[in-house]
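The values are calculated or read from the model by the stated rules, or taken from the named source; none is laboratory data. In this text, all values refer to a predicted model and were calculated from it rather than measured experimentally. Please note: Cβ atoms are built from the backbone with ideal geometry, for glycine as well, and neighbour counts cover all protein chains shown. Only protein heavy atoms, including side chains, enter the accessible area calculation; ligands, DNA and RNA are left aside. Shrake-Rupley method; radii C 1.70, N 1.55, O 1.52, S 1.80 Å.
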Amino acid sequence: MDFRRSMESKYRELLTSYLKGGSEQALYQSQKFSRNALERNIPPEEMVSLHKNLMIELFPDDFTAEMQESFDILLEVMVGYGFAYREHQNLKHIQQELRTEMEIAANVQQTLLGTEVPCVDGMDIGAISVPAKHMNGDYFHFVKDENNSVSIAIADVIGKGLPAALCMSMIKYAMDSLPENRKSPTVVLENLNRVVEQNVDLTMFITMLYGTYNTASHCFSYASAGHEPGLYYDATQDEFSELPAKGLLLGIDKKTKYREYEKEVMPGDMIILMSDGVTESRTEEGFIERETLLSLIKKYLHLSAQGVVQNVYKELEKLQDFQLRDDFTLIILRRKV
Amino acid sequence: MDNQSCVKIINEWDIVSARQLGRNVAKELGFGTVDQARITTAISELARNIFLYAGQGQICIEKMYESGKVGLRIISIDKGPGISDIRQVMEDGYSTSGGLGAGLPGVKRLMDEFMIDSNPGEGTDIQATKWLR
Ligand SMILES: Nc1ncnc2c1ncn2[C@@H]1O[C@H](COP(=O)(O)OP(=O)(O)OP(=O)(O)O)[C@@H](O)[C@H]1O
Ligand SMILES: [Mg+2]
């Protein structure tokens, strides 16, 4: 209880010096004192009691019985505040524990769902995925296979945070267990749709775009389950167009059939895939305009695909005042010239 | 028992009597004003729970003398509906007043020892002790 004794004498000092001169200096010292007392978890009722006792000691004659008794009321009220203060301390502690737990979970997720952006001759690929909170409800995955093709999956659970992330792990393992030779985009989506329909509760929906890029024919074939439409960048015209895709979200109807689309990719052109966290980036004035996104992509076109996605993310993050409202995933596949 | 006196809790005014009893004993045992206020606050919370959730019961105040230590024990007993998930009610932020820090976890923190025993349909038995330092 050493601190308590020194606290008492410090408080006496403050009180007497202030009562002598009423100086701002003493008030400033009091503020510093309170920081110190808070660090030591001194509850408010103890401060009231300390004050009362010092007043009795300093003014044995003038501090009347009524004045003394009035402090009983204040003390009682402050016990209530002390109650809340202690709970707050404990809740802070619990929050810290939860945060640590979430960070560990996020790392586990990284390991479980991690994918590497493949190096493919004749192609330049970039990808970025940033969770709004700790855990990511977006997911992307690349697979490079022997017969000159790269498969890309990009998915988004409606919702974010922990539930979304848990759901994504399931998608990943369902995808891993699909037979190797049946990976055409429509087959993949139809399979996953059945898995999701059976396993996930009715309020959880998943959008997904699955595509295969053939590095020999430079044809991108893809199918979409209600996913945010991709974009095609035509380098010669310096123009963007939307990649058409229709299809129901995963998990709504187990009989859903998906349609396969194809797009021939010319030298220098790009396929741009994203989650709705990109298009629904919000500023004070509302959603960002599609034009803003396109002009940002154009602004960094001279960089590698990875450079483009990273810089577009940085700019959109800034536009949103560094508060992501949704998980953000952006992927660019560029056919080298 | 000589060292124990009780107050029946039937209506809200009985909470005041329980507090008064607790304060008198606390003073007598030599607790300072801060601890008196903590003890009476704990009594209020327990008595109010009896009044609100069990309808009636009693609060007993016991003087404790144990291996040279002196203390005060609040015993709250009722034959009300009981608490089915004790772990949950002992969690911060669960009480209906949520965030005021009141309720059972608050009582536990104000006192030095806390014990709760409750079975649905049988009632609730809480003991909370504060030792004189
Ligand atoms: N004696 C009791 N008998 C039955 N249930 C009780 C009893 N005491 C508490 N409970 C149950 O435990 C819950 C938590 O009690 P607690 O005192 O912690 O918070 P509260 O009474 O809900 O809110 P407050 O913060 O205002 O006290 C109560 O809502 C009630 O359901
Ligand atoms: Mg209560």
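Excluding residue A:271 itself, calculate the net charge of residues whose Cβ lies under 10 Å from the Cβ of residue A:271, where each Lys or Arg counts +1 and each Asp or Glu counts -1.
Local charge sum for residue A:271: +2.
Summarise the partner chain shielding of A:49-60 as one whole number: the mean count of Cβ atoms from other chains within 10 Å of each residue's Cβ.
Going residue by residue through A:49-60 and averaging, the value is 1.
Can you compute the radius of gyration and Dmax for chain B, using only the Cα atoms, both in Å?
Taking only Cα atoms of chain B, I get Rg and Dmax of 14.0, 39 Å.
Over the whole of B:104-116, what's the average partner chain Cβ count within 10 Å per residue? Rounded to a whole number, please.
2
Among A:66, A:264, A:76, which one shows the highest mean-square fluctuation when chain A is modelled as a Gaussian network with alpha-carbon springs under 10 Å?
Result: A:66 has the largest fluctuation of those listed.
Kindly express, to the nearest 10 degrees and within the range 0 to 90, the angle between helix B:13-29's C-alpha long axis and the longest C-alpha principal axis of chain B.
30 degrees
Sum up the charges of everything whose Cβ sits under 12 Å from the Cβ of residue A:105, counting Lys and Arg as +1 and Asp and Glu as -1, but leave residue A:105 out.
Counting the neighbours of residue A:105, the net charge comes to 0.
Given the whole protein assembly as supplied and a 1.4 Å probe, what does the accessible area of residue A:63 come to in Å², nearest 10?
20 Å²
Using square roots of five times the C-alpha gyration tensor eigenvalues, list the equivalent-ellipsoid semi-axes of the stretch A:189-237 in whole Å, biggest first.
30, 14, 5
Which net charge results for the neighbourhood of residue A:332, defined as the other residues with beta-carbon distances under 13 angstrom from its beta-carbon, given Lys and Arg at +1 and Asp and Glu at -1?
Details: positive: A:298, A:334, A:335, A:336; negative: A:124, A:269.
Residues near residue A:332 contribute +2 overall.
Within the protein assembly as shown, which cysteines find no other Cys whose Cβ is under 4.7 angstrom from their own?
When partners are defined as cysteine Cβ atoms under 4.7 Å apart, the protein assembly as shown leaves A:119, A:167, A:219 without one.
Would you work out which of A:303, A:268, A:252 lies farthest towards the positive end of the dipole of the stretch A:115-335, given +1 charges on the beta-carbon of Lys and Arg and -1 on that of Asp and Glu, about the Cα centre?
A:252
Suppose only helical runs count, i.e. DSSP H with n ≥ 4. What mean residue ellipticity at 222 nm does that imply for chain A under -39500 (n - 2.57) per run, divided by all residues and rounded to the nearest 500 deg cm²/dmol?
Only helices count here, giving -16000 deg cm²/dmol.
Report, to two decimal places, the Cα Rg of the stretch A:83-225 normalised by 2.2 N^0.38 Å (N = number of residues).
Taking N as the residue count of the stretch A:83-225, the ratio is 1.29.
Using alpha-carbon pairs under 8 Å, 6+ residues apart, how would you state the relative contact order of the stretch A:112-213 in percent?
Reported relative contact order: 28 percent.
Accessible surface of residue A:297 in the full protein assembly, 1.4 angstrom probe, to the nearest 10 Å²?
Answer for residue A:297: close to 0 Å² accessible.
As a test of reading the structure, rank A:188, A:108 by solvent-accessible area (1.4 Å probe, protein chains only), most first. Don't jump to the answer; show the numbers that get you there.
Details: A:188 0, A:108 75 Å².
Per-residue accessible area, sorted high to low, gives A:108, A:188.
So what is the diffusion coefficient of the stretch A:3-94 in µm² per second by Stokes-Einstein at 20 °C and 1.002 mPa s, using a Kirkwood Rh over Cα pairs? Spell out each step's value before the answer.
Details: Rh = 14.4 Å.
Approximately 149 µm²/s, per Stokes-Einstein.
Using only Cα atoms and rounding to the nearest 10 degrees, what angle (0 to 90) does helix A:65-113 make with the longest principal axis of chain A?
Computed tilt is about 20 degrees.
Counting pairs of alpha carbon atoms under 8 Å apart in space and at least six apart in sequence, what relative contact order in percent does chain B give?
Once normalised by length, the contact order is 25 percent.
Calculate the tail of P(r) for the stretch A:260-337: the fraction of all Cα-Cα distances greater than 22 Å, expressed in %.
Value for the stretch A:260-337: 26 percent of Cα pairs lie more than 22 Å apart.
Determine the share of chain A's accessible area contributed by carbon and sulfur atoms, expressed in whole percent, with a 1.4 angstrom probe. If you can, show how the numbers build up before the last one.
Working: 9420 of 18180 Å².
In chain A, the share of accessible area belonging to carbon and sulfur is 52 percent.
Quote the relative contact order of the stretch A:115-335 in percent (integer), defining contacts as alpha-carbon pairs under 8 Å separated by 6+ residues.
Reported relative contact order: 26 percent.
Counting only other chains, and only Cβ atoms inside 10 Å, what mean value do you get across the residues of B:26-36?
Partner-chain Cβ atoms within 10 Å, mean over residues of B:26-36: 3.
Could you work out which residue, out of A:149, A:177, A:304, moves most in a Gaussian network model of chain A, that is, has the largest mean-square fluctuation with Cα springs under 10 Å?
A:177
Give the accessible surface of the stretch A:3-94 per residue, rounded to a whole number of Å², with probe radius 1.4 Å and ligands, DNA and RNA excluded.
Here the residues of the stretch A:3-94 average 64 Å² of exposed surface.
May I ask you to rank A:142, A:322 by accessible area, largest first, using a 1.4 Å probe over the protein chains only?
Largest accessible area first, the residues go A:322, A:142.
For a bin width of 10 Å, list the pair-distance distribution of the stretch A:198-334 built from all Cα-Cα distances, rounded to whole %.
Spelled out per bin, shortest first, that is 11, 38, 34, 15, 2.
If you project the alpha carbons of chain A onto the principal axes, what extent comes out on each, in Å, largest first?
Cα extents, longest axis first: 100, 45, 34 Å.
Going toward the positive end of the dipole of the protein assembly as shown, with +1 on Lys and Arg Cβ and -1 on Asp and Glu Cβ, which of B:55, A:127, B:31 do you reach last?
Value: B:31.
Between their Cα atoms, which of A:144/A:172; A:246/A:314; A:133/A:318; A:133/A:172; A:172/A:336 are more than 23 Å away from each other?
A:246/A:314; A:172/A:336
On a 0 to 90 degree scale, rounded to 10, what angle separates helix A:2-21 from the longest Cα axis of chain A?
Roughly 70 degrees, rounded to the nearest 10.
About the Cα centre of chain B, what is the dipole size in debye to 20, counting +1 per Lys and Arg Cβ and -1 per Asp and Glu Cβ, all else neutral?
Charge dipole, chain B, about its Cα centre: 420 debye, nearest 20.
Cut-off 10 angstrom, C-alpha nodes, Gaussian network model of chain A. Which of A:138, A:253, A:176 fluctuates the most?
A:176
Taking the Cα centre of the protein assembly as shown as origin, sum charge times position over the Cβ atoms of Lys and Arg (+1) and Asp and Glu (-1), and report the length of that vector in debye to the nearest 20.
560 debye
Give the ranking of B:8, A:52, A:92 by solvent-accessible surface, highest area first, calculated with a 1.4 Å probe.
Reading off the accessible areas and sorting them downward yields B:8, A:92, A:52.
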